[in-house]
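Heads up, the thing below is written out as C-alpha cells.
A short reminder: the numbers here are calculations on the coordinates, not readings from a lab. Keep in mind that this is a model prediction, so the values were computed, not measured. Don't worry about glycine lacking a Cβ; one is built from the backbone with ideal geometry, like all the others, and counts go over all protein chains shown.
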Amino acid sequence: LLEAARTTPTALWNDSSDLSELKQSIAFGGVGATCNPVIAYSTIKKHLDVWRPRIEAIAAANPTWGESQIGWQAVRDMSVEAAALLKPIFDEHNGRNGRLSVQTDPRFHRDAKALADQAVEFHGLADNIVVKIPATKVGIEAIEDATYRGVSINVTVSFSVPQAVQAGEAIERGLVRREAEGHDVSRMGPVVTLMVGRIDDWLKHVVARDKLFVDPSALEWAGVAAIKRAYEVFQARGLRSRVLSAAFRNVLQWSELIGGDLVVSPPFKWQEIINASGYDVVEKINEPVHEHYLEELNRIPDFRKLYEVDGMTIEEFEDFGPTRKTLRQFLEADADLDALVRDILIPAP
C-alpha cells in the first residue's frame, strides 16, 4: 500500500472513521477516510466502552433530545475527531486529500433541500469534511446544489456508470456555477464512489435468482469493469471529481485500479491482507477487462444497464436493485443506532 501511495497517483482512503484503524491506515499511506451509517453504527457498537459514557454525556447535556439526535451527535463527534487526524494531510494536499466523509441522514433521501442543507451543516464541522449524498434523482439535485454552496461531495449509493457520470456532471455544474460567481474552488475535493463489491454482490444475486448460466469467475470482475469504464469517461470528459472504489469484495478492486488518478477505499482488514501479500505494485488501470469476462457479463441485463453510460435514465436510479437494497440497509442502520442509544439510556428492567 505504501509503495502504491508513493509511486502512483492512486490515493488510499480508509473505509472507516474508527480512530485506531485510521491511524494505522495513515501509516500505510492513507490520505483520507470514508464512512456510512452501517460503519458508524458498527464502530460505536464495537467500542461501547468508549461510546456508552459519551452517549450518556450527550444525553445529559441535551435533556430534550430524542434517540436519533443523540446518536447523530455521537456520529458528528466521531467524525470531527477523525477529521483532526487527517487535517495535516488536507493542508499538505491543498484539500484534494486528507478528508473525512460524513454521510447525510438516509431518512432525507426523498428531500433534496434537506440533503443539501444537512451537507452544508456537516461541511461546517471541520475544514476537511467531504459529505456523502446518494446518487438518486433527488440526490443528484442535492449534489449540484450543495457543490454550488461550497460543499465537497462524496457521491454514494452508486452502482453504475450512468449514476457516476450523472453525479460527476452535477458536481461539475455546481463548480462552474460557483466559479461564475467568483468563488475559489481550488481546495474543494469531490469524489464519486462506485460501490464495486456491491455491484458484484447484486449480479451474483441476479444470476441465482434468474437461473442464468454464467462463468462464475466473470462475476468477480463486474465492479472492476464498471469503475474502469467510469474512470475512462471521467478522463475523456474532463470531470474534476475523482472516481472512488468502495465496498471491497476481492483484491482486484485494488490491484486493477493502481495507476489511476482515483481513490481506493478498502476496509482496514483488506489493507492488512494487501500489505501481507508481497504483491508487486503494477499499474493496471488502463488494462481492459478480459473480453471473455465482458461477454459473460453482458449476458446479464442488469450488467448492461450499469455498464453503459446511457444504460439507465436518472429516473431509474432509485429503483435499481442495489440502490434499493443499500438505501434500506442504511435506513436500518439508523434504526439500529436509535435502538442502541435507547438501550443505553433506558436499559431493559
Q: Could you list the GluC sites (Glu not before Pro) in region 286-349 that lie in coil according to DSSP, counting only those with at most 15 other Cβ atoms within 10 Å of their Cβ?
A: GLU308
Q) Where in region 201-264 are there chymotrypsin sites (Phe, Trp or Tyr not before Pro) that are in a DSSP coil and have at most 12 other Cβ atoms within 10 angstrom of their Cβ? A) PHE213
Q | Crossing angle, helix 161-180 versus the chain [Cα axis fit, 0-90 degrees, rounded to tens] | A | 60 degrees
Q. Assuming R0 = 41 Å, what is the FRET efficiency of ARG173 and ALA84, from their Cβ-Cβ distance, to the nearest 0.05?
A. 0.80
Q) For region 1-342, how many pairs of lysine residues have a Cα-Cα distance under 16 Å, where the two are 8 or more positions apart or belong to different chains? A) 9
**Q.** C-alpha long axis of helix 321-345 to longest principal axis of the chain, angle in °
**A.** 20 degrees
(Q) Below 8 Å, C-alpha to C-alpha, sequence gap of six or more: please give me the relative contact order for region 1-342 in percent. (A) 21 percent
**Q.** CD proxy at 222 nm, helix term only [per DSSP H run n ≥ 4: -39500 (n - 2.57); per residue of the chain; nearest 500]
**A.** -17500 deg cm²/dmol
